[in-house]
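Reviewing the structure listed below.
The values are calculated or read from the model by the stated rules, or taken from the named source; none is laboratory data. Every value quoted in this text rests on a predicted model; they were computed, and no experiment measured them. With ideal geometry, Cβ positions are generated from the backbone for all residues, glycine too; neighbour counts draw on all protein chains shown. Areas reflect the complete protein model, heavy atoms only, side chains present, ligands, DNA and RNA absent. Shrake-Rupley method; radii C 1.70, N 1.55, O 1.52, S 1.80 Å.
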Amino acid sequence: MIVGERILPFRHAGDKNFWLDMIRRLLQAGHEVEALSVDIEATPGDGLPIRHVPQIPIYFRPDARFNAEHSQFGGVNNYVSKTTNVPIILREVRRRQRTFRADVIHFADNFGPATVVLRAISRKVPLTLSAPTYHRNRPLYDAMLLASFSSFAVIVPFSEAYRRRLLELGFPSGRIRRIRWGIDISRFSPPTDDKRAAARASLGLERGKFVVLWTGFTQQTNETDLQEAIRIATLTLEHRPLEFIFCFKPEHFKPQFRNFERPGIRVVNAPEVFRSACTAADVFLCPIQDPRSIAAPPLVWPELLAMGIPILTTDTPGTDEAVVDGESGFAVRSSEEARGRLLEIEADSALQRRLRDGARRIAVERFSVDRAMDEYVDMWSALVAQSR
């Protein structure tokens with residue numbers, strides 16, 4: 001059984017696309033799966049074993065990353081809401097266990113310290129938990145994090161940096177298993193020259209224009225990171241006329257972001273434009289400014305790497321899972337260094353080819369959803385064997 005927020009039966013702009021692919025792969029491999037999707041609105045399962053669990057939004061404080069039309073997402077993106085929903089989740093898990101006798105219950109999201117009540121079911125069924133990101137942005141963060149993990153047999157950090165951090169906090173090494181998340185590397189593949197040309201034509205780009213893509217907000221990025229990306233774009237445009245395309249998810253777009261537009265900087269918020277921009281892009285720009293955070297990295301990173309798009313980011317813990325310096329992109333320490341790298345890549349066609357090949361290779365080697373499924377099944381199988 002998999003429990004998480006917004007596990008939908010179709011691809012969308014969230015990171016649960018990984019779990020959608022996992023569910024499909026598990027079913028194809030002959031495993032029995034049921035997913036409980038904790039969400040504000042019920043979505044039909046469309047033939048997949050996904051059941052809705054009602055989610056209660058708590059508007060404790062506004063989440064600045066979401067616009068007014070999608071404020072409901074901010075209402076569930078806080079510990080107060082997550083804590084309020086834990087009894088509902090526990091009730092639904094116990095109810096479903098009467099008909100779907102799961103060997104393992106895996107939580108795709110951390111619902112906070114209140115998950116200590118899950119011990120009521122953990123004596124019979126092993127519990128595991130995915131831990132994509134670490135972001136120590138409030139007092140007592142580490143203490144609350146460890147309390148959140150107390151009911152689970154194994155914690156699954158998505159990066160080696162996060163695994164090391166858990167060890168530093170004193171979490172038992174035997175209860176940690178680093179498993180990177182993954183993508184369908186056949187769905188995300190380098191576009192042909194014709195597809196790139198068509199995408200660029202749809203965007204009205206001049207022939208030969210070097211295109212830099214930014215999208216947000218991804219995990220652990222916010223308006224501070226957006227401002228840094230704009231700063232990098234502005235510095236770069238002072239030297240060379242590149243094209244920067246800033247793509248926003250509909251729930252994050254605000255009209256004032258249009259003020260960033262100028263020659264060389266375009267702001268868009270339509271999904272179809274984002275898809276064209278991905279196909280047309282030469283580099284993906286994604287600075288992460290907060291040194292207290294550990295990147296998963298964001299799911300969009302391996303998706304773009306698989307398309308042969310190298311990444312330019314900041315030197316933050318966890319980014320090296322995807323960005324191998326000089327092979328699949330570069331990690332920089334300042335906006336000036338970022339500008340220098342963009343200009344270097346734009347001027348060197350051999351470097352562009354090497355980075356595109358390296359980006360695809362890293363995605364295939366490290367971020368295949370099939371590899372992730374095998375590692376999860378291996379972990380779950382070992383836990384079931386130990387519990388018998």
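Restricting Glu261, Glu243 to those that are open to solvent by 10 Å² or more (accessible area, probe 1.4 Å), over 28 Å from Asp194 (Cα atoms) and at pLDDT 95 or above reduces the list to Glu261. Give the residues of segment 219-240 that are of a type in the set (D, E, K, R), open to solvent by 10 Å² or more (accessible area, probe 1.4 Å) and touching a residue at least 24 places away in the same chain (Cβ under 8 Å), sorted by residue number. Scanning segment 219-240 gives Glu223, Glu228, Arg231, Arg240. Say we look at segment 350-388 and pick out the residues that are touching a residue at least 40 places away in the same chain (Cβ under 8 Å) and among the hydroxyl-bearing types (Ser, Thr, Tyr); which of these is nearest to His31 (Cα to Cα)? Step by step, filter segment 350-388, then rank; the result is Tyr376. Condition test on Asp63, is it of a type outside the set (Gly, Ala, Ser), open to solvent by 50 Å² or more (accessible area, probe 1.4 Å), farther than 25 Å from Pro302 by Cβ and part of a loop (DSSP other than H, G, I, E, B)? Judged against the criteria, Asp63 is not a match. Taking residues in segment 136-150 that are on the phi < 0 side of the Ramachandran plot, and partners anywhere that are of a type in the set (A, V, I, L, M), the pairs with Cβ atoms closer than 6 Å and at least 6 places apart or on different chains are Asp142/Leu169; Phe149/Ile155; Ser150/Val116.
Among Gly208, Gly216, which is the only one that is in contact with a Leu (Cβ under 8 Å, 6 or more places away or on another chain) and either at pLDDT below 95 or open to solvent by 60 Å² or more (accessible area, probe 1.4 Å) (or both)?
Working: Gly208 fails: in contact with a Leu (Cβ under 8 Å, 6 or more places away or on another chain).
Every option except Gly216 fails the conditions.
Summed over segment 13-43, residues that are of a type in the set (D, E, K, R) and over 22 Å from Ile58 (Cβ atoms) total 5. In segment 104-123, the residues that are under 20 Å from His31 (Cβ atoms) form Cβ pairs under 9 Å with partners that are charged (D, E, K, R) and open to solvent by less than 40 Å² (accessible area, probe 1.4 Å), at six or more places apart or across chains, as follows: Ala108/Glu5; Ala108/Lys16. Leu129 satisfies every condition listed in (1) farther than 20 Å from Tyr376 by Cβ; (2) out of contact with any Lys or Arg (no Cβ under 9 Å at 6 or more places or on another chain) except (1). Restricting attention to segment 26-60, and to residues there that are surrounded by 14 or more Cβ atoms within 10 Å (Cβ to Cβ) and acidic (Asp, Glu), which single residue is nearest to Ser81 (Cα to Cα)? If we take residues in segment 26-60 being surrounded by 14 or more Cβ atoms within 10 Å (Cβ to Cβ) and acidic (Asp, Glu), then Asp39 is nearest to Ser81 (Cα to Cα).
Selection over segment 11-25 of residues that are at pLDDT 95 or above and either β-branched (Val, Ile, Thr) or surrounded by fewer than 18 Cβ atoms within 10 Å (Cβ to Cβ) (or both) gives a count of 2. Mind checking which residues of segment 267-293 are surrounded by fewer than 19 Cβ atoms within 10 Å (Cβ to Cβ) and not hydrophobic (A, V, I, L, M, F, W, C)? Residues satisfying the conditions are Pro271, Glu272, Arg275, Gln289, Asp290, Pro291, Arg292.
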